[in-house]
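I have placed the structure first, in the form of structure tokens, so that the comments after it can refer back to it.
Read-outs throughout are calculated quantities, based only on the coordinates presented, and are distinct from any laboratory measurement. Keep in mind that what you see is a predicted model, and the values were worked out from it rather than measured. Cβ placement follows ideal geometry from the backbone for every residue including glycine, while neighbour counts extend to all protein chains displayed.
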Amino acid sequence: MCKYSLNTGRYRPNLPLLACIVLLQIVAFSSCRRLELSGGHSSSPATDNAALRQLAKKRGVSGPPDQGRSLPHISDPLPQLGRLLFSSRTLSNTGTTACVTCHHPQLGGGDGLSLPRGVDVVNPDVLGPGRKLKYEHQEGPIIPRNAPTTFNVGMFDSAMFWDGRLESLGKEPLLNGAGPSGIRTPDTRFETLDPEAGPNLLAALSVFPLSSEEEMFGLSSRTEKARNETVREMTVARLRSEDEWIKRFETAFGSADEDKQMISVSRLRLALGEFQRSQVFTSNPWFRFLAGADRAISERAKRGARLFYLPVSQGGASCYACHRGSFFTDERFHVLGVPQIGRGKADGDSANFDHGRYRESRREVDRFAFRTPPLLNVEVTGPYGRTGAYTSLAGIIRHHLNIPLAIESYDGSQLEGSVRVPDQKDYAAEIARALQIRREAGMYVAREFSLSEDQIGDLVEFLRTLTDPCVKDASCLKPWTVVAEEEDPTGALRLLAVKIADNSRIEVAP
Ligand code: HEC
Ligand code: HEC
């Protein structure tokens, strides 16, 4: 009864019916209120809304994380150019992938897969769950990590990628890496400035997928081992050879740069970056609740929020300790031991581990540590964890509670058939060791504790209040996608195989 909507917006003005509806609503409303006053749940008292807001505030959460930031609007010229580039297969040396292949707005800014499939596929126009590799590799998909969402990436101030191999050296808040100390990228050594990085983290990042063999460059080109800089110049040369692209760059930039070039690497990375930075999806029920709308979220979600923001010692779940602030991440690295599926990064004796942050910092405490992911819109950004090992929110939450047990009892049947699930025994031992090393170093390690299934459900319900309704609505997302009617500069823009059947199921055309 409490789910009864006060605003269906569908009734025509039919007075007797209207009166009846109003009456019904009063009844529904008042029974709703009664239920809420008694807690809506026999065993727990109603949430004190003011106290919950106070608690969130104490944890540094008061409103959307885009507040106080300077971010572009999708209708601005640079994001508009970036939108076309992001969708174009011309960016890939093999012509088989676009950024959108693995970061499609209608797939939560990701690809809906545990591990992405980039080059060497049967049909490059297909993305999402229907994308098939040409050769079934014994070890499953070639890309070792889950593709994170590009939604809200303009809110990062410190570390990009699961291992932070691209990071702001000054980590100034609200700047997205635009501070005076500059940015380190995989082109430079750990903690060393890359003078070519561009003005912010997203501009810095956006040219690296081009030279990733598995993502965009192509495996057959592996022997050439082209340098990143060469690959970027190759990409720019392809764009320059199309008059249509020159025109689009002219529309966005106005005139040629100081080297008399309309298209350059720095313009390419800037346009791609601005497009992603325009993907701001932060209008969600939780922030509406914090702004004073008591009824924006359910009683159940409020119970989940309390668990999220209370420490384990006070009956909570301490989630805030790492999923900190309004962007729900501390942008730091933790050992969570999400099951190692797929082929990993060739680390360790078994050669299928992924040492995460250790690969960059070479500090023992960083072995198997990965960056805390933000949780905005997490409802639509699955599968979860850096390997995409979990297909449900309840699954990844349960994993946090007792890591050794979760690895041991991991159920690989939730994955698609082609993903390899190696034996987790060695991995479990390595993770136990990594956690011990962190404990001994006095670092924060989530302690083991238990939650009832009901409480896990409350947490899931809370996480769902972090969804901006726009990300579930194809027409709302349209400004960020390339649509069928649109003219296509090079014939390589079309990646239209994804069809959203409803908000939860994705169908992919053959
Ligand atoms: C074949 C799939 C694939 C393609 C194509 C691809 N990506 Fe990604 N992307 C990934 C994966 C996997 C990661 C995570 C890699 C890691 O952390 O080591 C990632 C990470 C990112 C991130 C970091 C997000 C974060 O939370 O730190 C951004 C931003 C991004 N990609 C943008 C792009 C852009 C721009 C392009 C096109 C130039 C692109 N991607 C092409 C798979 C892909
Ligand atoms: C010790 C720090 C820490 C704490 C405490 C913590 N998390 Fe996490 N969480 C992480 C890290 C790190 C990851 C990514 C792990 C990986 O893939 O290796 C993660 C992943 C997640 C994901 C998956 C997100 C995605 O996009 O893949 C969800 C959902 C999540 N956590 C929710 C929670 C909830 C709910 C709690 C409280 C019960 C919690 N976390 C407590 C650090 C933490």
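Remind me, relative contact order of the range 318-448 in percent, using alpha carbon pairs under 8 angstrom and six or more residues apart? Let's see the in-between values first.
On the way: 193 pairs, mean separation 34.9, N = 131.
In percent, rounded to a whole number, it is 27.
In whole Hz and in residue order, list the ³J(HN,Hα) couplings for the range 202-207 that follow from phi through the Karplus curve 6.51 cos²θ - 1.76 cosθ + 1.60, θ = phi - 60°; x for Gly and Pro.
Listing the rounded values in order: 6, 4, 4, 6, 5, 9 Hz.
Tell me, T372, T387 in order of fewest to most beta-carbon neighbours within 10 Å?
T372, T387
For the range 80-209, what number results from the quotient of the Cα radius of gyration and 2.2 N^0.38 Å? Intermediate values should be presented prior to the final figure.
Working: Rg = 15.8 Å, N = 130, 2.2 N^0.38 = 14.0 Å.
Normalised by 2.2 N^0.38 Å, the Cα Rg of the range 80-209 equals 1.13.
Residues with amide H under 5 Å of I183's amide H, sequence separation 5 or more or different chain, H placed in the peptide plane at 1.01 Å from N; which?
L169, D194
Using the number of other C-beta atoms within 10 angstrom as an exposure proxy, rank Y320, Y135 with the fewest first.
Starting with the residue having the fewest Cβ neighbours, the order is Y135, Y320.
Compute the separation of the alpha-carbon centres of the range 350-376 and the range 286-343 and state it in Å as a whole number.
22 Å
Identify the trypsin sites (Lys or Arg not before Pro) of the range 254-339 meeting these criteria: DSSP loop state and at most 14 other C-beta atoms within 10 Å of the C-beta. Numbers along the way, then the final one.
Working: sites: K260, R267, R269, R277, R288, R295, R300, K302, R303, R306, R324, R332; in loops: K260, R324, R332.
Hits after loop and neighbour filter: K260.
Enumerate the amide H contacts of A369 below 5 Å, restricted to partners 5 or more residues apart or on another chain; note that Pro and chain-start residues carry no placed amide H.
Residues meeting the criterion, in which the H sits 1.01 Å from N, are R357, Y358.
Of K58/K171; K57/K171; K134/K425; K132/K478; K171/K345, which sit over 24 Å apart, Cα to Cα?
With Cα atoms farther than 24 Å apart: K134/K425; K132/K478; K171/K345.
Just to check I understand the Karplus step: with θ = phi - 60° and J = 6.51 cos²θ - 1.76 cosθ + 1.60, what whole-Hz values come out for the range 384-391, glycine and proline as x?
Whole-Hz 3J(HN,Hα) from phi for the range 384-391: 10, x, 5, 10, x, 5, 10, 9.
Only loop residues by DSSP count here, and only those with at most 15 other Cβ atoms within 10 Å; note down the GluC sites (Glu not before Pro) in the range 230-301 that meet that.
Within the range 230-301, the qualifying GluC sites (Glu not before Pro) (loop, at most 15 other Cβ atoms within 10 Å) are E258.
D473 versus E136, label points 7 Å from Cα toward the beta carbon: distance in nm?
4.2 nm
Check G109: other-chain or 5+ apart residues with amide H under 5 Å from its amide H, H built from backbone geometry?
Here the answer is H104, since their amide H atoms fall under 5 Å of that of G109.
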